[in-house]
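First the structure, in the form of structure tokens, and then the observations on it.
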Amino acid sequence: NALSRSDIPSGAGDFRLLDRRAIDAMNRLKETSRFNKGLYSWIGFKSIGVPYQVADRAGGVTKWSPRKLIRFALDGLTSFSTLPLRVWSVLGLVISLMAIAYASVVLVRTLVYGADVPGFPSLIISVMLLAGVQLISLGVLGEYLGRVYEEVKARPLYLVADEVGIPRPKSDEAAGKRS
């Protein structure tokens with residue numbers, strides 16, 4: 001939830017009772033890679049949680065290995081957040097600032113005390129600065145990629161829960177009036 005724009009209720013299970021409007025809203029989503037727990041929350045209809053005690057497994061063992069659980073968590077994260085793509089820009093900025101700060105320290109130390117190991121500080125500074133710039137560039141590309149990803153999912157901008165006022169004409173009536 002900290003990384004997502006949708007608030008997924010804690011401890012929510014996969015079993016749900018949905019009304020027709022919610023099902024129609026879910027069916028309008030064109031995504032093929034679906035993280036349903038997030039989508040149920042994203043469609044935004046009123047929901048009521050029913051607390052219950054989860055009983056111990058009656059028999060057998062779970063089919064969810066740690067690897068499958070990690071993949072499921074990553075699916076949830078990547079379906080509802082572009083924050084992991086932004087991390088690289090921030091990391092690149094931090095590394096670049098550290099390179100500039102280190103360059104300042106090395107410059108002052110060299111002017112005051114002379115060079116300890118000639119060439120080493122300039123090599124480290126240039127590597128850090130270029131690595132930081134590369135990470136910033138990677139983050140910018142990731143930001144564009146995240147925006148493309150959001151568009152490709154083709155989620156509607158909003159969903160209408162209720163219509164109040166004059167009812168819409170049926171499509172047959174509207175076609176008859178046009179001719």
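The values are calculated or read from the model by the stated rules, or taken from the named source; none is laboratory data. Predicted model only: the values in this text are computed from it and were never measured. A quick note on method: Cβ atoms are made from the backbone with ideal geometry, for glycine too, and the neighbour counts reach across all protein chains shown.
A few remarks follow.
- Tyr102 meets all of the listed conditions (1) surrounded by 14 or more Cβ atoms within 10 Å (Cβ to Cβ); (2) within 26 Å of the chain's Cα centre (by Cα) but one, namely (2).
- Yes/no for Ala55 being of a type in the set (A, V, I, L, M, F, W, C) and farther than 24 Å from Glu150 by Cβ: yes
- Within region 18-74, tally of residues that are loosely packed, with under 12 Cβ neighbours inside 10 Å, part of a helix (DSSP H, G or I) and touching a helix residue (DSSP H, G or I) at 6+ places or on another chain (Cβ under 8 Å): 0
- Qualifying position, being farther than 30 Å from Asp24 by Cβ, in contact (Cβ under 8 Å) with a residue 60 or more places away in the chain and out of contact with any strand residue (DSSP E or B) (no Cβ under 6 Å at 6 or more places or on another chain), among Leu123, Leu145, Leu130: Leu145
- Whichever residue in region 64-88 is among the basic types (Lys, Arg) and at pLDDT 85 or above and, among such residues, is nearest to Leu135 (Cα to Cα): Arg71
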